[in-house]
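Beneath this line is the structure, given in structure tokens, with notes to follow.
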Amino acid sequence: MAKQTHEFQAETKELLDLMIHSIYTNHEIFLRELISNASDAIDKLHYESLTNQDLLEGDDEYEIFLVPDAASHTLTISDNGIGMNEKELVENLGTIAKSGTKAFMEQLKKAKEGEAKDDKEMIGQFGVGFYSAFMVAEKVTVLTRKAGEKQAYKWESAADGSYTIEEAEKEKHGTSITLTLAKGFYGDDAEENYTDTYKLEGLVKKYSDYVRYPIKMNFTFEETPKDKDGKPIEGAEKVKRTELRTLNSMQPLWTKNKSEIKPEEYNAFFKNQFHEWEDPMEVFHTKAEGTTEYTALLAIPAHAPFNLYYADYEPGLQLYSRHVFIMDKCKDLLPSYLGFVKGLVDSPDLSLNISREMLQQSRELKVIGRALEKHILKALAKKLKNKRDWYETFWGEYGKSLKIGVYNTMYSGASDTRDALKDLLLFTSSRENKLTTLKEYVDRMPESQKKIYYATAKDQETIEHLPQLETLKDKGIEVLYLTDPVDEFCITTLHEYDGKAFHSISQGDLDLEDAESQEVKKETEKLQKDNGDLMKDVKDVLGDKVADVKISSRLKSSAVCLVADEQGPSLSMEQTFKNMDNPMFKAKRILEINPHHALFTKLQSLHDAGKDSQDFKDYCGLLYDQALLIEGILPDNPAEVANKLAELMAK
């Protein structure tokens with residue numbers, strides 16, 4: 001047959017531009033597309049040959065071959081797969097023209113919205129991903145012969161609105177696609193990049209390392225001839241030597257049975273794949289079959305990255321579909337609080353759009369994500385139960401992430417996640433200064449204790465000097481130490497554990513129910529009533545700095561302390577928001593005064609002498625500033641505080 005010219009529809013060039021600029025954002029993935037198509041063609045031949053051995057024509061092995069040629073500015077990708085006849089060339093490589101502009105745009109829109117029924121089929125055939133070749137080529141030539149047929153055909157197009165088909169000669173079945181590379185095409189020096197054997201080798205390793213068929217390429221070297229002892233011959237001219245290499249590993253580690261993989265193989269894989277310096281802390285290798293199939297190979301790095309909690313940290317798992325690399329940082333597979341987990345997921349069931357590059361928000365993806373999250377949390381719970389030392393090391397690196405996960409459930413409403421996470425939390429406790437779980441704390445609570453008490457401050461030392469802690473210490477009541485700003489947000493989100501409400505020792509009344517505490521409470525109420533005028537006048541002096549002034553039932557040796565109203569944010573939460581440049585959350589501050597301290601007697605005498613005296617006002621101000629300092633809060637005017645103290649000392 002003579003060469004036939006087929007005219008694309010007038011809008012075809014516009015459609016090709018759309019594919020190149022809107023769908024594909026990374027030009028180098030053209031090689032992945034063409035290799036994937038070659039692999040699909042070999043798959044089809046393999047399955048058809050199961051019932052028709054004559055199709056194989058005595059081929060020894062399936063393979064994909066790359067031939068870069070800098071002299072002719074070409075790159076050829078060949079396979080010995082099923083091949084195509086003339087009709088299939090028109091149907092497959094003419095998909096865009098056959099579909100028509102309107103129909104293609106509808107398919108594209110459906111694929112982007114995750115509604116396309118056959119998008120996986122579209123990916124697997126020529127005619128869609130194939131056109132990514134025009135990102136780097138000014139002309140594409142396809143030479144192909146279908147297995148079981150004798151006639152070969154040549155297809156050619158410069159993406160100028162038409163393509164040609166003619167009969168040709170080809171010794172074996174399969175397809176060879178030759179790209180005449182465009183120099184500087186779309187700002188990418190394709191000639192330089194894609195005829196370089198080492199560049200191509202890197203791209204195969206990156207995108208197609210686990211394609212199940214060998215991807216081969218010849219490497220040419222110049223070397224000095226060697227003598228019989230293997231030593232270079234002096235003065236001899238260099239000669240060229242060609243070496244055939246297989247570029248891909250073909251069998252992914254994650255497809256092997258776990259029983260066949262040694263720990264050092266997992267460690268080496270993660271260090272190489274994710275550029276880690278140390279062996280991972282833990283590896284998770286899991287496989288699911290059934291409605292949604294996937295294999296996941298995940299790891300917890302030995303140390304948290306320095307920028308884990310900063311905006312520039314990029315979480316996400318590598319994503320593969322049938323061993324073909326799709327995406328480096330898929331953020332949708334794990335919730336953000338598990339962003340420290342590294343690894344990959346390989347699934348044949350993912351709903352991908354026509355470019356293989358953009359992943360749709362599919363039901364399968366969500367199913368996989370939920371399953372992975374549950375698997376990781378169950379594994380951590382098992383570690384906490386059986387390997388406490390390991391878990392405490394993990395907690396030191398990633399505990400903050402789990403606490404953030406609890407806080408995030410306030411907005412996501414994921415109660416099952418919150419229930420799983422609350423039993424994984426660890427907090428330092430006043431009991432031997434050791435880490436404890438909430439369950440362990442509750443199991444140790446005396447019957448009379450109805451609440452879980454906690455204290456917040458910038459560090460443990462500050463907490464241990466809080467005057468609010470004195471009464472609880474005397475009674476032997478255990479207190480959780482919250483020293484990370486996220487701790488209180490986590491506790492507030494949980495609200496309670498096992499029916500026991502959380503209670504800050506610096507917020508509201510302690511609500512102790514033992515007989516001694518009830519007696520002290522009655523005494524405090526009487527003192528509050530007897531000193532009502534004094535408390536009112538101290539509050540008048542302090543003005544809007546405090547919401548109230550009270551006689552304290554919680555202080556032992558300290559003169560004063562600040563607590564927050566039970567309704568509203570705590571003092572520490574107020575400081576956290578302030579540090580985040582968000583001062584809108586203000587705690588209702590309550591100044592509590594110890595009626596058994598010598599300063600209280602002095603305050604009473606100054607008040608009796610005259611509530612309008614400067615000495616009384618100075619004492620009120622200094623007591624408040626003292627309470628601020630105890631909380632680690634700087635007074636508004638430190639210099640004024642220092643001057644008042646100096647005056648009192650001089651008196």
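Could you pull the Rg and Dmax for region 313-446, using just the Cα atoms, both in Å?
17.6, 63
Starting from a Cα-only point model with no solvent, please compute log10 I(q)/I(0) by Debye for region 411-491 at q = 0.17, 0.21 1/Å.
After summing over all Cα pairs, the log10 values are -0.72, -1.03.
Note the per residue figure in Å³ for the convex hull of the C-alpha positions in region 503-558.
Spelled out: Cα convex hull of region 503-558, divided by residues, is 97 Å³.
Lysine pairs, Cα distance under 16 Å, 8 or more residues apart or cross-chain: how many in region 535-651?
Final tally of qualifying lysine pairs is 19.
Between residue 390 and residue 278, what length in nm is gained on full extension when 0.36 nm per residue of separation is reduced by their alpha carbon distance?
Numbers: separation 112, 0.36 × 112 = 40.32 nm, distance 1.61 nm.
Length difference between fully extended and current span is 38.7 nm.
Multiplying the sequence separation of residue 314 and residue 226 by 0.36 nm and subtracting their Cα-Cα distance, what value in nm do you get?
This chain segment gains 26.6 nm when fully extended.
Could you tell me what percent of the DSSP beta bridges with both partners in the chain are antiparallel, to the nearest 5? Spell out each step's value before the answer.
Numbers: 74 of 93 bridges.
In the chain, approximately 80 percent of DSSP beta bridges are antiparallel ones.
Tell me, what is the 1.4 Å probe accessible area of residue 210, in Å² to the nearest 10?
Answer for residue 210: close to 20 Å² accessible.
Multiplying the sequence separation of residue 642 and residue 291 by 0.36 nm and subtracting their Cα-Cα distance, what value in nm do you get?
119.2 nm
Would you be so kind as to identify which of 414, 393, 480 lies farthest towards the positive end of the dipole of region 369-506, taking Lys and Arg as +1 and Asp and Glu as -1 on Cβ and the Cα centre as origin?
414
Please give the net charge around residue 251, taking every other residue with its beta carbon less than 13 angstrom from that of residue 251, where Lys and Arg add +1 and Asp and Glu add -1.
On the way: positive: 212, 256; negative: 209, 260, 265, 346.
Around residue 251, the charge tally is -2.
If Lys and Arg each add +1 and Asp and Glu each add -1, what is the summed charge of the other residues whose beta carbon sits under 14 Å from the beta carbon of residue 622?
Overall, the nearby charge balance is -1.
Scan region 172-261 for GluC sites (Glu not before Pro) in coil per DSSP, keeping those whose Cβ has at most 16 other Cβ atoms within 10 Å, and list them by number.
234, 237
As an exercise, identify the GluC sites (Glu not before Pro) in region 34-95 lying in DSSP coil whose Cβ has no more than 10 other Cβ atoms within 10 Å.
61
Taking 1 over the mean of 1/r across every pair of different Cα atoms in region 252-340, what Kirkwood radius in Å do you get?
After inverting the mean inverse Cα-Cα distance, the result is 14.3 Å.
Can you send over the solvent-accessible area of residue 323, 1.4 Å probe, protein chains only, in Å² to the nearest 10?
40
Find the percent of Cα-Cα distances in region 355-508 that exceed 23 Å, and round it to a whole number.
42
Please report, in cubic angstrom per residue, the volume enclosed by the convex hull of the alpha-carbon atoms of the chain. Don't jump to the answer; show the numbers that get you there.
On the way: hull volume 167.8 nm³, N = 651.
Each residue corresponds to 258 Å³ of Cα convex hull volume.
Hey, what do the phi angles of region 410-419 turn into as Karplus ³J(HN,Hα) couplings, whole Hz, using 6.51/-1.76/1.60 and θ = phi - 60°, x for Gly and Pro?
In residue order, the calculated couplings are 4, 9, 7, x, 7, 5, 5, 5, 4, 5 Hz.
Mind checking the alpha-carbon convex hull of region 397-452 and giving the volume per residue in Å³?
Once divided by residue count, the hull of region 397-452 is 95 Å³.
The values are calculated or read from the model by the stated rules, or taken from the named source; none is laboratory data. What you are looking at is a predicted structure, and each value in this text was computed from that prediction instead of being measured. Note that each Cβ is placed from the backbone with ideal geometry, even for glycine, and that neighbours are counted across all protein chains shown. Ligands, DNA and RNA are excluded from the accessible area calculation, which covers all protein heavy atoms including side chains. Shrake-Rupley method; radii C 1.70, N 1.55, O 1.52, S 1.80 Å.
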